[in-house]
Amino acid sequence: MATSFDVIVVGTGPAGLTVALYAARANLKVLALCDPEGSNLERVPRIANLFGFPDGVSGKKLLRLAERHATRFGATLKKEEVLRCRDCSMEKAGSLSRKKFPKAKFTVQTTRAMYGARALVIAAGMQIHSGGIKNEFAFFGKGIGVCVACDGPFYKKKKVMVVGNGNLAASEALELNTFTKEIVVNTHGLKSKIDPSWQRRLAQARIPIINQRVAAVHGSKWLDRVELTSGAQESYQGVFLALGTASAVDFARSLGLVMQGNAIATDPHGRTNIKGIWAAGDVTGAPRQIGKSVGDGVRTGIDLIESLRGGSYVDHREA
Ligand SMILES: Cc1cc2nc3c(=O)[nH]c(=O)nc-3n(C[C@H](O)[C@H](O)[C@H](O)COP(=O)(O)OP(=O)(O)OC[C@H]3O[C@@H](n4cnc5c(N)ncnc54)[C@H](O)[C@@H]3O)c2cc1C
């Protein structure tokens, strides 16, 4: 049987789950979908800068709590990868999806089923660009970092390599410089795309740029060595991957959403250029942080409730 929802949210990270919570509390029929990889937070052992958690919290625990919160108010969560989202107004009259979902504005095709929705929220996060380094994911949060703003303080006075060949690597290295002076930018066998102005800033900070492909990282509990493809092993306590954030929004491009760099452009309410589609969280750009994703989820949730139900948002539902 065809299943139709008021709102389909692509993503069950902090942004998607916040939208699902708000929409469900407003009695909208909500489906939130996630791929098998899940949120980046699944692999973060300790979050130390989150509002309300003075002793830190693991990403897994935070996500399980947020999932319970959203489902408690009626949101449906499914582990199904979204393959395509379609705007029904672009479909021919009499097409299969039009017949199946006569009232839907959008259809969402997952690996298992097709769903219809009146509104769509893209909260698919940003994929981390792998360096193809052996053991990199095993040391995630234990010496491998991807965000200096999140993890920089763990590397005070430690020897750190920033792997990347663009301006992102240079800016991450300069941000790290407040915590440690032992930093190397490694373009990882790739042609450097670091602009001269960023090169100058690195030189002023005495941060060298090297070009040696990293083969593997090693250590016991925490990363302590970097192995180069030459076979040489060097002592490091941290490696930041800064190879650029790959966009997780390819399917959004196919909807014709306007992008700004690798982020989906939105207005202050989280609306995209297509009526009925909102975007929230990391997909909308920096700062890529949990607090910002939750904030995006709130503004989007409220705006879509007002748009689907009419009137001004009031949360009068009992706990
Ligand atoms: C190692 C690491 C450490 C971090 N530490 C911190 C920290 O200490 N503090 C902090 O504030 N931030 C931290 N961050 C950043 C934080 O993880 C992100 O800002 C936050 O998770 C973004 O939330 P989001 O909901 O936008 O996206 P995500 O949490 O990435 O969630 C994206 C969701 O979209 C789903 N998805 C993607 N594509 C599809 C598809 N095709 N079909 C279905 N579902 C899909 C995924 O399964 C996932 O559910 C860290 C990130 C990393 C990688």
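The values are calculated or read from the model by the stated rules, or taken from the named source; none is laboratory data. These numbers were taken from a predicted model, which means no experiment stands behind them. Cβ sites come from the backbone with ideal geometry, for glycine too, and all protein chains shown count toward neighbours.
Which numbered condition trips up ALA123, out of (1) closer than 18 Å to THR300 by Cβ; (2) more than 9 Å from the ligand (Cβ to nearest atom); (3) in contact with an Asp or Glu (Cβ under 9 Å, 6 or more places away or on another chain)?
(2)
Can you tell me which residue is farthest from the chain's Cα centre (by Cα) among those in the stretch 272-319 that are assigned to a helix (DSSP H, G or I), among the hydrophobic types (A, V, I, L, M, F, W, C) and under 23 Å from GLY52 (Cβ atoms)?
ILE302
Scan the stretch 151-195 for residues that are over 19 Å from GLY132 (Cβ atoms), within 16 Å of the ligand (Cβ to nearest atom) and in contact with a helix residue (DSSP H, G or I) (Cβ under 9 Å, 6 or more places away or on another chain) and jot them down.
Result: GLY152, TYR155, VAL160, GLU175, LEU176, PHE179.
Filter the stretch 48-61 down to the residues that are more than 9 Å from the ligand (Cβ to nearest atom) and in a helix (DSSP H, G or I), then identify the one that is nearest to PHE137 (Cα to Cα).
This residue is LYS60.
Can you pull out the residues in the stretch 37-77 that are of a type in the set (Lys, Arg) and modelled with pLDDT of 95 or more?
LYS60, LYS61, ARG64, ARG68, ARG72
Residues in the stretch 6-47 that are touching a Gly at 6+ places or on another chain (Cβ under 6 Å), in a loop (DSSP other than H, G, I, E, B) and either more than 6 Å from the ligand (Cβ to nearest atom) or farther than 20 Å from GLY295 by Cβ (or both): how many?
Of the residues in the stretch 6-47, 2 are touching a Gly at 6+ places or on another chain (Cβ under 6 Å), in a loop (DSSP other than H, G, I, E, B) and either more than 6 Å from the ligand (Cβ to nearest atom) or farther than 20 Å from GLY295 by Cβ (or both).
Could you pull out every one of the strands (runs of 3 or more DSSP E) wholly within the stretch 81-169 that has 2 or more residues that are among the polar types (S, T, N, Q)? I'd like the intermediate steps shown before the answer.
Values: elements: 82-87, 106-110, 114-122, 160-163.
Per the criteria, 106-110.
Going through the stretch 44-75 one residue at a time, which ones are of a type outside the set (A, V, I, L, M, F, W, C), in contact (Cβ under 8 Å) with a residue 24 or more places away in the chain and surrounded by 18 or more Cβ atoms within 10 Å (Cβ to Cβ)?
GLU67
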